[in-house]
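Participant: What follows is a structure written as structure tokens; I'll ask about it next.
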Amino acid sequence: MCIHSEVSKLRGRAQNNACHFLCKKRRCQHNNNVSEFMKNKPDFGSKPFDIEDLVNIGKGKSNGPCPYYISRELSKSVDILFAPYNYLIDPGNRRSLNSIPWDNAVLIFDEAHNLESICADAASFDLHPNNLTACVAEANECIKLCSAKRSTENSADKQFDPENYAILKALLMALEKKIGELVIESKELGCTKAGSYIYDFLSELNITSDTSKKLIETIDCASLLLEEGNSAETGPGAQAKATVSRLESIRDILDIIFRGGGQDHAKYYRFHVNESQQTSGDALKVLGKSSRTLSWWCFNPGLAMEEFLKLGVRSIILTSGTLSPLDSLAMELNLEFPVRLENPHVISPDQIWVGVVPVGPSGQALNSSYRTRETIQYKQELGTAIVNFARIVPDGLLVFFPSYSMMDKCVEFWKTRNHSNSASENTIWQRICKHKQPVIEPRQSSNFPSAIEDYAAKLRDSSISGAIFFAVCRGKVSEGLDFADRAGRAVIVTGMPFATPTDPKVRLKREYLDKQGTPSKNIKMLTGNEWYLQQAARAVNQAVGRVIRHRHDYGAIIYCDERFAWPSYQSQMSYWLRPYIKCYSKYGEVVQGLTRFFRDKATSDPLKLKQTDCNDCIAPVTNKSIPEENLSDLAANAQNEYPQITLSVNSTMKSNFMKLAQITPANRSTLATKHNSSSTSQLFSEDQLSRDTKVVDMTDDVAIHGHLKEHTFKSLGLKKAKLMDRSKDAAGLDDVSSKLPQNIESRALASYQGEGSTPQSKKSTIEKACGKNEGTCEKSEGQESNSGTAFLKLAREMLSGAEYREFVEYMKALKLKTMHIKDSLEEIAKLFSSPGRLPLLEGFRVFVPKSHLPLYEQLLRKYSVCSTS
């Protein structure tokens, strides 16, 4: 909010110090003009202002009023005041709001899932060795400044008494020495003592509740002295780093330790000292100084909330989409919260798909615990699963890892390995990139904006089929960002983001809670393990909340860890999610369910889809267009081996096809020409639909709706399909769907059959079943195409619509290897085992490769009884 020409260039505490200094000396004209401005505009606070409005008012004329101090003046009389948490939680900041009548105030904490950690952190401190050394240097600098001022100005002001700063320096050096003298028996465990030990520790340095007040006063003077000295030499806007007073951190520490003048709060703390990790170039290491960090950690976030009770506030309201479980939150904050509300989501059940995936495509367990996460099998299985999800999920896909290190290790592994059972020489990473362009969340915050821009650009790029964002739970992507609509159609959680159990703060927190919750007390208390699980679950809940962002949005949540199937884990999930969770035992079922979900969303009520969802989805293809490959796993052969499809649209089909043209395909395949990529956001025009347009079916949606005039059925493993243009025969094909098989299922069937299928001599069953002598089986190039066409025609006649779609899904699973061969074949055999379907059961044997034929023969014997009964 600062508009001062020099101070506005500073950041953080440096800016605060510069502002404080100039205002105290009345050298900021913007602050000086606030009183006159408010006096001339008595009704100024009658309407709400945001930051930009106030800044524009200040910049409206030369030396305009300061936006920050305008807001401070307005806060004295407004009805609704918006502020960061620390304005309420920090006692010092709260005192600046002394005009508020607390006894009639309603406090609303939005995004309150972070409240307990913020409360605990605000009441804790870590005094790092480099910080303490910098404080000693600043105290020494104050001595020099005071000596210089006294010699030139002959000032007797106490602020310029070098003796005060000499005492401060001596105390800081003694503190540094005393920390170094503490006995640490274990570097892993550090030195831990009860919270009250801090008073004994400091009293030996003559730092008590009484003397701390004098110290705080000296530090306040030191901060102003340093700022004044720096400003006199370089101006308030220069040397930003030099203006940051490290001594103020000592002031904050003293405030925390001696809050309220008492020691009762110490029972909620733990005193801890441990060896600090240093880099090889650390100045402290070179100087041989202490490398220890002194910590005083608060394990009762309810301390801050108790302050509000003492103030007598009228109401405290916590709101967030991820507060669950509420009982543990209430226990942590030491408040009963008699009024509690957990709402279902505003979306309908068909807008969300939630699945727990315990195993990967090869049947290996997915478990990111420390026992398995480093294994080759786990990283390979997880990577292959993500390859399939990247193929199925349209547009944007978010993948969350428990930690940065885990994400880095997986990505590095995927870049060098391919799937063990795959004939492809492509690495797992290359296979992911074939479906979605990747973006990786950077560790450094400064690089994050460019990563977000990169992700958005890849989503807009019509030449690719979406983007995949690899991120971390508790990271920058997982909280506060809005991945609505195409930006986030699914989120994958690869594991529970448990904190490191050996981390001293985590270990002591668990011990503290276990001690508080001893059986001697009648009140139910939160245990250390419950808190540990709750923290991880809350981070997961926050991450999965990136997907469904408004009432018309839809998406999928995929939990890729078998532990999410455990009741203890599911009880920690957000209330609105629990009704939709389904645990799958087989990976193939996940693929089928997820594919069906996105296909149904693409085909249901397309006229209500936003135009932003239609961009880059479907575009006209010229007669010379080369089909683009978007489902590489559907065909192991080259891109030009895809069978071609000829579409002919007559007058009765125009309206339906216009609707289909607006659908976002399940794999967001792009049918743009190479020469006109800018046209990808356009839909088919009436004129274009009146002509015969050659389109490559990459999504199956058109095929499933039966708008195919003709297709070529061919085994992809035998030879390339010829390009067929039969548009001249379009007349009279009003009901093509009842006469011709689907493109995708015929391709999958033929590709699965391959060169190792049943010999020609064993095909008599299906030929007979199809009525070969009656001419019902259309002839195409080769017997393989003929028998495939006939079998699919028979399957459509004998199976219901839903069963036929199931059959297609199983065929895809066979081709994509997303299910075990045994499971896929058994499911197909079950479908064909109903009474009267023996021709299907026996006829399908024709398409089973020799290597799998013994397995199918067993299934044939098993289910043939049912089929003939």
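Every number in this text was worked out from the coordinates using simple rules, so none of it is lab data. Quantities reported herein were computed from a predicted structural model and do not represent experimental measurements. Methodologically, a virtual Cβ is constructed for each residue, glycine included, from the backbone with ideal geometry; neighbour enumeration extends over all protein chains shown.
Participant: Could you give me the ³J(HN,Hα) list for region 578-585, computed from phi with Karplus coefficients 6.51, -1.76, 1.60 and θ = phi - 60°, whole Hz, x at Gly and Pro?
Facilitator: Calculated HN-Hα couplings, in order: 4, x, 9, 6, 10, 9, 9, 8 Hz.
Participant: Give me the Å³ per residue figure for the convex hull around the C-alpha atoms of region 441-597.
Facilitator: 157 Å³
Participant: Please give, to one decimal in nm, the separation of the simple spin-label points placed at A365 and H20, each 7 Å out from Cα toward the Cβ.
Facilitator: Using points 7 Å along Cα→Cβ, the separation is 5.6 nm.
Participant: For A490, list long-range residues whose amide hydrogen, built 1.01 Å from N in the peptide plane, is under 5 Å from its own amide hydrogen.
Facilitator: L398, A556
Participant: Let me ask you something else. Round to the nearest 0.05 the FRET efficiency obtained for D79 and M1 when R0 = 25 Å and r is the Cβ-Cβ distance.
Facilitator: Calculated value: 0.75.
Participant: Mind ranking 429-440, 446-457 by how tightly packed they are, going by the mean number of other C-beta atoms within 10 angstrom, highest first?
Facilitator: 429-440, 446-457
Participant: Strictly greater than 19 Å: what percent of every Cα pair in region 1-68 meets that?
Facilitator: Value for region 1-68: 32 percent of Cα pairs lie more than 19 Å apart.
Participant: Compare the peptides 330-343, 313-326 by average per-residue count of other Cβ atoms within 10 angstrom and give them in order, highest first.
Facilitator: Per-residue Cβ counts within 10 Å, averaged per peptide and sorted highest first, yield 313-326, 330-343.
Participant: Please pull out the direction-averaged projected area of region 306-435, using the convex hull of its alpha-carbon atoms, in nm² to one decimal place.
Facilitator: Numbers: hull surface 48.9 nm².
If you wrap the Cα atoms of region 306-435 in a convex hull and average its projections, you get 12.2 nm².
Participant: At what distance in nm do the modelled label points of A170 and I216 sit from each other, each positioned 7 Å from its Cα along Cα→Cβ?
Facilitator: 2.4 nm
Participant: Which whole number in µm²/s is D for region 29-169 by Stokes-Einstein, with the Kirkwood Rh taken over Cα pairs at 10 °C and 1.306 mPa s?
Facilitator: Working: Rh = 19.4 Å.
Answer, rounded: 82 µm²/s.
Participant: Provide the gained length on full extension for the span N130 to S446, in nm with one decimal, where the gain is 0.36 nm per separating residue minus the Cα-Cα distance.
Facilitator: In short, 111.4 nm is gained.
Participant: Using a Förster distance of 22 Å, how high is the FRET efficiency between S117 and K178, based on the Cβ-Cβ distance and rounded to 0.05?
Facilitator: Here the calculated transfer efficiency is 0.15.
Participant: Follow-up question, since we're still on this one. Using 1/(1 + (r/R0)^6) with R0 = 41 angstrom and r between the beta carbons of S186 and L341, what's the FRET efficiency to the nearest 0.05?
Facilitator: The value I calculate is 0.30.
Participant: Can you tell me how much longer the chain between E275 and N206 gets when fully stretched, taken as 0.36 nm per residue apart minus their C-alpha distance, in nm with one decimal?
Facilitator: 22.3 nm
Participant: Rounded to whole Hz and in sequence order, give me ³J(HN,Hα) for region 68-81 from the Karplus expression 6.51 cos²θ - 1.76 cosθ + 1.60, θ = phi - 60°, writing x for Gly and Pro.
Facilitator: 5, 6, 5, 5, 5, 5, 5, 5, 6, 10, 6, 8, 10, 10
Participant: Which links in K434/K601; K415/K436; K434/K476; K379/K812; K379/K458 stretch past 20 Å when you go from one Cα to the other?
Facilitator: K434/K601; K434/K476; K379/K812; K379/K458
Participant: Sum up the charges of everything whose Cβ sits under 14 Å from the Cβ of M407, counting Lys and Arg as +1 and Asp and Glu as -1, but leave M407 out. Let's see the in-between values first.
Facilitator: Working: positive: R373, K379, K409, K415, R443, R474, K476; negative: E374, D408, E412, E441.
Net of charged neighbours comes to +3.
Participant: So, counting K/R as plus one and D/E as minus one, what does the shell of residues with Cβ under 12 Å around A266 add up to?
Facilitator: Once all neighbours under 12 Å are counted, the net charge is +2.
Participant: Once each part is reduced to its C-alpha centroid, what is the distance from region 38-86 to region 534-605 in angstrom?
Facilitator: Comparing the Cα centres of region 38-86 and region 534-605, I get a distance of 44 Å.
Participant: Using the Kirkwood formula on the Cα atoms of region 92-161, what hydrodynamic radius do you get, in angstrom to one decimal?
Facilitator: Final number for the Kirkwood radius of region 92-161 is 17.0 Å.
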